[in-house]
Each structure stands twice: as C-alpha cells, then as structure tokens.
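Below: one structure, written as structure tokens.
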Amino acid sequence: MSGFALRLLGPPKVVEPRGDAAPRPGIGASKCLALLAYLTLEPGPHTREELAALLWGDSPDSAARASLRQALKRLRAVTGDLLRVDRATVALSEAVDCDVKDFMRAAEREPAEAARFHVPRFLEGFALRHAAAFDDWLAAKRQALLHRYEDVLRAAARDALGRSQWREAAVWAERWLACNPLSDEATRIAIEAAYLSGDRGAALAQFAAYEGRLARGAGVKPSASLVELAQRIGEDATAKAPARPRARAGSDEAVPAFEASLVGREREWRQLAEVWRAAAAGSVQVMLIEGEAGVGKTRLAEDFLRWARLEGATVLRGRGYDAQTDIPYSPVVEALRGVLDAPGLAGTPAEWLTEATRLLPDLRKRFPALPQPPAPADPGDRWRLSEGLAQVILAVAAERPTVLFIDDLQWCDGETCALLHFLMRRFERSPVALFATLNLGELERDAPAARLCRALRAEARATVVPLAPLSQDEVWRMIREMGRIDTPVGGRRLAQRAHEVTDGNPFYVIELLKTLFARGLLAADPETGAWLAPQVPEAESYKAAPMPGSVHDAIAQRVVKLPYELRDLLATIAVAGRGAATDLLSHVHGMSRLRAAALGDALVERRLLVEEQGVYRCAHAVIAEVVRDALTPARRRELHRAIALSLITIAAPDVTGELAGEIARHADRGGERAAAYRYALIASDAAAGGYAFEEALSWLDVAVGAATGAAETDDVNRRTARVLALAGWSEGGAPPRRPSRSSGTRRGIDRRDVDLEGRAERV
Ligand SMILES: Nc1ncnc2c1ncn2[C@@H]1O[C@H](COP(=O)(O)OP(=O)(O)O)[C@@H](O)[C@H]1O
Ligand SMILES: [Mg+2]
C-alpha cells in the first residue's frame, strides 16, 4: 500500500493512509494535485506529451515539458517509488489508496456500501487555470462517476425496497434525486418509500415537488405511471397522518415518537407477498396472521397493505372490536365502505347492488335510483344478501385485485364469520385475498371466529403465519432507530433489559419505554431527539429502577399522570369502544368540537389514541382495557349513559341499524331504559332485515330487559315470535341463544399479564 492516501470526494487532498487526517504538506501547486489525480484514476503509462498537453496545453511545448518535469519531481517526494517515470512515459502503481477507487470497487461488490460515498462531491471546488483539456477530462470523469453512482443508488434503493427497509430506500432515493432531480425512477422510489414508511403526506409532497421541477426545468409533465401512483396514494383516505414527535423543550410532557420501521419479519413478508401474488393471479387466497396481543400483527398487515396498494390492489379494511359490540356484520360493513369509491363498483348488476344496500345504505348516495330491497320473508333468501355483497366485491376485483382485510378476527360476530366463509368459497377463481389477524389467546373455543378459522385452515388456499416476538437484536434495532442512538454501548444494554422484561413483544417494549420516559429515567435531547439516560447515580437509573408490576400497570401509571381533562376524554373514548368522533366528544363533555379535537390530538401525541378520519380510538385494545378497568362501575355507567344520550342527539332522524345497536348497547349499560328499549327494537329490525336472526333475537333480549309495562313486553314477545318464525324455527326447536348482551360477561382481553416485576428481579 502507498504511504499516502488520495481523497478526491470533496476538495482533493493527500492525507495519511487510512484516515482523514490533515492534508500532508509537500504536494504544493494544484496542477501537481491534478496530475496525481489523473494518474491515479487513469492507470497505465501516459506519454509525457499527453500529460504536458493535458495540464499545460496553453504554454509552448518546451515550457510545458519543463513544467511537467518539475511537477513530477515534486510528486515523487510524496509518492516515492509508486511513480514510475522513464524518458517517454509516466505511470503510477495501481496500489494508490484513493476513495474514488474504493467507491468503484464497492460498486462492483455491494451497492449499499458504495451508496455511502459522497460521489457528487468529486473534486469539489477544484479548478485549474489554462488547462482546457484537463477541464474536459474532469467533466467527463465526473459525468461517468455520477452515472455509476446513480446505478449504485438505484441498486441500493431497490435492494432496500426488496428487504422492506423503506426508510433506507428513502435515503438512497433522496441522494439519487440530489444527483439527478429530474429522474422519474428516483422520484418513484422516493414516493413509494415515503408512503410505505407511513408518511403519505411526504409521498405526495415528493410528487408535487417533482412536478414543479419538471415544469420549470423541461416544461413537461410527470409520466402517466407516476401520476397514477400519486393518485393511488392520494386515494388512501385511511392512511393516518404520521404523528410527529413534538418535543416541547423544557416540558416533561415531551414524548418522542415511538415509531420504528418494521423490524424483522422478512420471512413473513415474503410469505405475504407470495400469497398476494397468487391471489392477484386469479385464485382466492386466505392469510391468517396469528400471534399474541401486541406482537405486531396489525403493524405487519398495515405495512403490507400499503405495499399491496402500490402494487395496484384495492384494499378493503375492517376490524373486530373487543368492547362487546358485536353488531352484526360490522367488520365487513366497515371493510365494504372501501368499495364506495373503488374503481369497478359500477359494474355490479343493479339487482345485487340493491341487495347490498341492506348492509351498505351509502350505496344509494352513488346510485340513487336503486329500489328498496324487499323485507326478508324466507330465511332461504339469506344467500341473496351474501351473494349481493360477493357481487359487489367481484365487480371491484374485476378492475383491480382486491384485498379484504379483517383485523382482530377473534372478535368478529357470527354473521361476519359466516359471510367471510361464504365469500371465500364464492371467490374461488377471483383475484381476491382475505387477510386477517387473529389473537388465539382471546379466541374462545366456541366463538364464531374459532369455527371460521378451523374451516379456513382446512382449505388448501389458506396460509397461517404465526408471529413470534422480536429477538433481542431486533429489539435493539427498534430502540436504536426510535432513539436515534449512535453509541451502541448504553443503547444495547437498554435493549437487553427491555427484551428481558418484555420477552420481545414490541407493544410491551414501547409501553415500557414510555414508562421510563414518564418517570424521567430516559429523556430525549430537545435538539436532536436522541435518547439519553439522564446523569443519575447508578442506583437511580433505569438499570436499577423497579419496573412497573405489569404492562397494565405501566399503562395505568401513565394514564394516572395525565391532566384531568385528558384522562376524562380518554375514559369516554375507551368506553365508547368503537371510537368516538369529535361531535360525540363535544356533546359528552360539553365543550366545543375544536376543544375536543385539540384534546384528542394531545392524546394522539401521547400515543394513547389514534385518529382516523376524525374518529379517535385507543391506540391499542390493551390501552382501552386498562382505561376501562380503572373506572368505578358508577362512572362507567354514567359514561355509557352520556354516550347514549349524545348519540341520540347527534343522530339524524333515520338511524341506521349499526348506530341503533350502539345506542341501545350504551343506553342499556347506562340504565337509560326507554332509549335502550326503543333503539334495541330498531337494531333488531335492522338485523332481521339483513337475515341476522340470531342478532335480532339478542337485541330483543335487550328490549325485553328494558321494557316497562306489560304492553311493551307483549310487543317484544310478538316480535320475538315473528323473528323466530322468519328464522324458520318451530316452537319445539328453539335456536341456540347466545348469552344476553346485557349480561355483562367479560369477553375481550382476559390474558395472563406479563409480570414485569418478577422478571426484573431476576435480572
Ligand atoms: N416488527 C415491528 N417493528 C417495529 N415496530 C413494531 C413491529 N411490530 C409491532 N410494532 C409496534 O408495536 C406496537 C404494537 O403492534 P400491533 O401491530 O398493534 O400489535 P398487535 O396487532 O399484534 O396487537 C405498534 O406500535 C407497532 O408499531
Ligand atoms: Mg392489532
């Protein structure tokens, strides 16, 4: 190796080998440096005439040759034996240590490594006087290097996308755009990477900026496919705006963003992609993502759905709720709302659209001429409703492959499960994928979802993806990214501790970190956002601090510390179960909608809530459960009552079945008998209208419990008989009844909690 190193990426300089030490003196004039750079980058012997013409082309020949001789002399003082000079030619040994050569070698081997070189800074600010030939060489060399660099960035960005490392891909795309701001492909990757990492706003901003650059620079428009990409992203109304950390300096309320790129899950991602491709090729597929609460099922699915959307999918998303709200079909109805603006919907035959309006009255907004579907007369007609919904999805899927995603399948009602099963069989040869997440720990053996899962698993087209907790290394990667930690020592210890305490469950990891922040055992640098452990004696640091007794305690501790108004609002949202819009919050709390939204946002900022299209709900079912558990029965009852009365005030005169069910449930639990009675009857009618007879009967159970006086009871009894007849049940064979809605039996999360304290003691 040479006894010196040449740095050409940046202002050129000769330095000690292997290091960016101060430039070594001795090289002197810039033409000498230029000569060294040229000989290094253009290996092989060069004639003296060529070199003289390159650097001193404007001088007479003899003067040029003399200057070259002098320069070679000075050069030898630096290069020693590496410089080989004879009468006719000059050459430099290949062994010269030079960053540009390092880059070229890396480019052959490992694009991601080569991408780290700052190639656009090649010979930055370097200029020679009277050396036109050198200037030409420099321009061509720079061009060629940038070209190579773009190749490298392209490969690195694509590779990062392939590994679903969106943020890394975004970094490479940004660098690429810095070299070539008009590159369509770089823009596409930048847009995709921003969107896939959850920042839809940034993705659309990238597109707008590119559009502007193109218009100014070349007076043209972006390519049609890029426009389509931006449109597809723009359509994703479900994408939530990423909550940005708002570190308010000096305030102990500053909460960093506990958000990392998707860590690990490479194998699962490949499985998902495979399943998706098979579905898109035209054969229905089922994918069940299974795992305990907090292990990252929703996260994996959501990230994947964004990717599928970019692949051209129509995505329909619905979810089951844990708060004993099994309103029939509600997860599918939520998902089906996605078809309202999906391409292809208009291809559904009118007859089937009419059937589908039983569950999706909003279809009338788009197709006002649709007639009312007839009231159910024969339980045998129930298939018509299922078929109607199938036809709607088929029409949409004929336009673009479609994903039907149901989060938390374990909480889905019987009607939803039966319908999903029907759809699966109906879609046999259609480009549809049914994705669902499932928490087996919360699945009762005889729950409808348990039966559905058993049936689905038996299908050849079903893939089950079990999700395991993260490894210690993955927890470290998560913490390193969230905390922008550069120094591995302390960070690794924190990760090790967090992994021990939480077993690698990412939700628990995040909750634990939040608790450490709330207790001042970790802090974020107000300038950089980087995490640091405040300088405290070892005995008081997080390493020694007792961990909260359980994850529930960790959350409860944070909730207790909230300002009263926020805690109050959070309680309402937790009790509301399916989420609460600002108008509901404003009614319940007697405040302006603006104020309610401001408080809601403050809770989003604290990672306790998420907001989607103006509706707030708890960021995780475990949070909702903790908040509900902390309320006294009297308080819970009052909240149900207030929610019921507010929903009634807000509701338009024509209450849908779904809303009626919600009102009835809250009124029932809030002791508002009259409202419970009235809305349970509406919910019952709506359920029966959708052939959900069992649900209709259980609403009638609520009504009979709330009925006052014999007349009302008689009315419920008559209705019950009617539904039983409709359902085709004779007097003798009463249908199996589910536990009454008002019995208050506890479903939902009843998990064995993680005992943080017990484990912490072992550490
Ligand atoms: N692989 C992962 N990488 C980074 N963060 C993750 C990962 N898996 C889960 N998380 C985070 O952990 C939290 C809980 O995940 P979530 O998907 O809600 O769990 P589940 O749906 O299984 O209950 C979320 O904040 C999520 O962003
Ligand atoms: Mg989930």
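For Arg65, the requirement of being touching a helix residue (DSSP H, G or I) at 6+ places or on another chain (Cβ under 6 Å), of a type in the set (Lys, Arg) and part of a helix (DSSP H, G or I) is met. Considering only residues that are within 16 Å of ligand 2 (Cβ to nearest atom) and either open to solvent by less than 10 Å² (accessible area, probe 1.4 Å) or in contact with a Pro (Cβ under 7 Å, 6 or more places away or on another chain) (or both), which ones fall in region 256-292? Across region 256-292, the qualifying residues are Leu272, Met287, Leu288, Ile289, Glu290, Gly291. The conditions of being free of Cβ contacts under 8 Å to residues at least 24 places away in the same chain, of a type in the set (S, T, N, Q), more than 16 Å from ligand 2 (Cβ to nearest atom) and assigned to a helix (DSSP H, G or I) are met by Ser586.
Assess whether Ala533 counts as being of a type outside the set (Phe, Trp, Tyr), modelled with pLDDT of 80 or more, open to solvent by 10 Å² or more (accessible area, probe 1.4 Å) and more than 16 Å from ligand 1 (Cβ to nearest atom).
Here the answer is no, as Ala533 does not meet what is asked.
Considered as a group, the residues in region 411-448 that are within 16 Å of ligand 1 (Cβ to nearest atom), assigned to a helix (DSSP H, G or I) and surrounded by fewer than 24 Cβ atoms within 10 Å (Cβ to Cβ) include one that is modelled with the highest pLDDT, and that residue is Leu440. The one condition from (1) charged (D, E, K, R); (2) in contact (Cβ under 8 Å) with a residue 12 or more places away in the chain; (3) more than 16 Å from ligand 1 (Cβ to nearest atom) that Arg364 does not meet is (2).
Quick one: is Ala468 within 16 Å of ligand 1 (Cβ to nearest atom), open to solvent by 10 Å² or more (accessible area, probe 1.4 Å), at pLDDT 90 or above and not in a helix (DSSP H, G or I)? So Ala468 passes the test.
Contact map, region 400-422: first residue over 18 Å from Asp303 (Cα atoms) and among the aromatic types (Phe, Trp, Tyr), second residue within 16 Å of ligand 1 (Cβ to nearest atom) and open to solvent by 10 Å² or more (accessible area, probe 1.4 Å), Cβ cut-off under 7 Å, separation 6 or more or different chains; pairs are Trp411/Tyr321; Trp411/Asp322.
Counting only helices (runs of 4 or more DSSP H) that sit completely within region 343-410, those holding 2 or more residues that are open to solvent by less than 10 Å² (accessible area, probe 1.4 Å) correspond to 350-356, 382-399. The criterion of at least 3 residues that are of a type outside the set (A, V, I, L, M) and under 16 Å from the mean Cα position of the chain (by Cα) is met, among helices (runs of 4 or more DSSP H) falling completely within region 151-231, by 166-179.
Please work out if Leu639 is under 35 Å from the mean Cα position of the chain (by Cα) and not β-branched (Val, Ile, Thr).
Yes.
Here the condition is being modelled with pLDDT under 95 and in a helix (DSSP H, G or I); of Glu94, Glu124, Glu113, it holds for Glu113 alone.
Screening Asp151 with (1) open to solvent by 30 Å² or more (accessible area, probe 1.4 Å); (2) farther than 27 Å from Trp307 by Cα gives one miss only, at (2). Inspection of region 663-670 identifies at least one residue that is of a type outside the set (A, V, I, L, M) and either out of contact with any His (no Cβ under 7 Å at 6 or more places or on another chain) or under 18 Å from Pro376 (Cβ atoms) (or both).
The residues of region 325-342 that are away from ligand 2 (no atom under 16 Å from the Cβ), touching a strand residue (DSSP E or B) at 6+ places or on another chain (Cβ under 9 Å) and open to solvent by 40 Å² or more (accessible area, probe 1.4 Å) amount to a single one, Arg337.
Across region 310-324, the qualifying residues are those that are farther than 20 Å from Glu444 by Cβ and open to solvent by less than 30 Å² (accessible area, probe 1.4 Å), and the one among them that is farthest from ligand 2 (Cβ to nearest atom) is Gly312.
Which residues, taken from region 690-716, are in a helix (DSSP H, G or I) and open to solvent by 20 Å² or more (accessible area, probe 1.4 Å)? Write out each step before concluding.
So the first thing to find is which residues in region 690-716 are in a helix (DSSP H, G or I), and the list is 693-706, 710-716.
Matches in region 690-716: Glu694, Asp701, Val704, Gly705, Ala710, Ala711, Glu712, Thr713, Asp714, Asp715.
Across region 107-123, what is the number of residues that are open to solvent by less than 50 Å² (accessible area, probe 1.4 Å) and not hydrophobic (A, V, I, L, M, F, W, C)? So the answer is 1.
In region 194-213, what residues are among the aliphatic types (A, V, I, L, M) and closer than 16 Å to Ser225 by Cα? Correct list: Ala203, Leu204, Ala208. Scanning region 272-301 for residues that are more than 16 Å from ligand 1 (Cβ to nearest atom), among the β-branched types (Val, Ile, Thr) and not in a strand (DSSP E or B) yields Val275, Val284.
The values are calculated or read from the model by the stated rules, or taken from the named source; none is laboratory data. Note that the structure is predicted; figures quoted are calculated from it, not measured. All Cβ positions, glycine included, derive from the backbone under ideal geometry; neighbour counts span all protein chains shown. In case anyone asks, the SASA skips ligands and DNA or RNA and just uses the protein heavy atoms, side chains included. Shrake-Rupley method; radii C 1.70, N 1.55, O 1.52, S 1.80 Å.
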